[in-house]
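Notes to accompany the following structure.
The values are calculated or read from the model by the stated rules, or taken from the named source; none is laboratory data. These numbers come from a predicted model, not from an experiment. Neighbour counts run over all protein chains shown; Cβ positions are idealised from the backbone, glycine included. All accessible areas refer to the heavy atoms of the entire protein, side chains included, with ligands and DNA or RNA removed. Shrake-Rupley method; radii C 1.70, N 1.55, O 1.52, S 1.80 Å.
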Amino acid sequence: MRNRNFLRRIVFAGFLALLPLLPLSAQNQKGRTVSGTVYDETGERFPGVGVITLDRKFGVLTNADGQFVLTGLPASSTILVEIMGYKTQEFKVSGIPQGERLDIYLELDSETLQETVVTGIFTRRKDSFTGSVQTVTSDEIKKISNANVIASLKVIDPSMVVLENLAAGSDPNAMADIQIRGASTLSTATQSLKSDYLNSGNTPLFILDGFETSLQKITDMDMNRVQSITILKDASAKAIYGSKGANGVIVIETKRPESGKMRITYTGSMSLEVPDLTSYDLTNAAEKLEVERMAGLFTSDNAKSQVALDQTYTEKLRELLAGVETDWLAQPVRNGFGHKHSLYLEGGDKAMQYGVNLSFNRIGGAMKGSDRNTFSGGITLAYRIKNFQFRDKLTVDYNKSHNSPYGTFDQYYQMNPYSRLRDESGELIRSYSYMNNSGESAAYYNPLY
């Protein structure tokens, strides 16, 4: 997280008030001397960190350069290095070689991330931030869903409404319609304003590592790279980001590389898109033909039209008696298989840390022929030059997607079950022509053709 000065001042002052330090003479007594330097997760020297013994009899705070010195320690003592938001580290004094300086690198504690608010511009303690906000950690996101970030957030935070697009169904290439602060309307004449939004005028603003990004980027991003997500819901979002934050703001912070020996992390998962057709309680071929007959589709006051309608009814009845029972709903769907792979390398020393991530995500849609393949790669470098710290980040994304050539699903549940798919030669039938009770011939096209 950036900009921790405010948080560190609070911890610094509170620690001084509560730390039971002995008089200076107590630390000058005979015993072991332990010294070292404390760094944060980015390799930056960490001031204001508490370095105390387990019995709380000896303790200091690291200075502006992150350094500390403890003197007069019994050899049986245990040293604790602790500060809010980071994991506490322990060291046995007896296990530290005489005269060796310690280099201690602290790690972020995801359980305490909810005590702070990251707005993308500054960091505040949650109890001192007056706006309506929801903070989610990476562990909470992955417990809900491994599909994407949006799928997890809509379960965790009830204020985030993801409207179901029934026309799109499970289309992996359709972007979700998201609302945080309700719906607003735009005039159809305001086309230039509408074109500024990827989906609709109600989509919230997305901030990724301090920069504005699109809904598609968030949907396709690797969930394993997420450190925390903060949802700003009320007027505080607009106060920080202006009119762009009027629909709410979703701030996403990604993980930063940690120093040490090179570590390789691999994460893989599989997914299955299964079409659920149980809610479609449609008539079979015999029931459909009977419903048409009772509705008067084969009755006309015109004698000439009646002859044509009788012929149409006979043709449909002939197909029914021949055993035609076409399950049109099953024609365009399948069990879509998907898999996701994520590889991350990180390491470095206190001078420079590096992180390299590679990921591939394939989503197989429930409609035949629909899929979405996303390749992502990135390099993160963090290094210091004297009193300046630099962070370079390069990301490359490549996406290849296919829409289903089978059209939309609503074309299929409108088809008649007594209409066969193929003719006697095995070729797909292009269209079906039936006479209606107005004496006109109506054509129904086969969506599979």
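Okay, here's what the table says:
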| item | result |
| --- | --- |
| Every pair of residues 6+ apart whose Cβ atoms lie under 9 Å, when the first sits in region 20-49 and is more than 30 Å from residue 255 (Cβ to Cβ) while the second is surrounded by 19 or more Cβ atoms within 10 Å (Cβ to Cβ) and modelled with pLDDT under 50 | 21/27 |
| Matching strands (runs of 3 or more DSSP E) fully within region 346-423 where at least 1 residues are under 24 Å from the mean Cα position of the chain (by Cα), surrounded by 16 or more Cβ atoms within 10 Å (Cβ to Cβ) and not hydroxyl-bearing (Ser, Thr, Tyr) | 352-364, 371-385 |
| Criterion violated by residue 336 - all others in (1) buried (at least 16 other Cβ atoms within 10 Å of the Cβ); (2) at pLDDT below 90 satisfied | (2) |
| Residue among 255, 261, 238, 217 that is open to solvent by 40 Å² or more (accessible area, probe 1.4 Å), within 28 Å of residue 347 (Cβ to Cβ), in contact with a helix residue (DSSP H, G or I) (Cβ under 8 Å, 6 or more places away or on another chain) and of a type in the set (Lys, Arg) | 255 |
| Candidates 230, 278, filtered to the one that is of a type in the set (S, T, N, Q) and in contact (Cβ under 8 Å) with a residue 24 or more places away in the chain | 230 |
| Within region 71-90, tally of residues that are touching a residue at least 40 places away in the same chain (Cβ under 8 Å) and under 15 Å from residue 48 (Cα atoms) | 5 |
| Any hit, region 251-270, residues being aromatic (Phe, Trp, Tyr) and either touching a Lys or Arg at 6+ places or on another chain (Cβ under 8 Å) or modelled with pLDDT under 85 (or both) | no |
| Neighbours by Cβ (under 9 Å, 6+ apart or cross-chain): first from region 281-304, under 16 Å from residue 415 (Cβ atoms) and of a type outside the set (Lys, Arg); second open to solvent by 80 Å² or more (accessible area, probe 1.4 Å) and modelled with pLDDT under 90 | 282/413 |
| Residue list for region 264-309, restricted to those being touching a strand residue (DSSP E or B) at 6+ places or on another chain (Cβ under 6 Å) and either among the aromatic types (Phe, Trp, Tyr) or surrounded by 13 or more Cβ atoms within 10 Å (Cβ to Cβ) (or both) | 266, 267, 269, 271, 273, 275, 308, 309 |
| Matching strands (runs of 3 or more DSSP E) fully within region 1-75 where at least 3 residues are of a type outside the set (A, V, I, L, M, F, W, C), surrounded by 14 or more Cβ atoms within 10 Å (Cβ to Cβ) and at pLDDT 85 or above | 32-39, 67-73 |
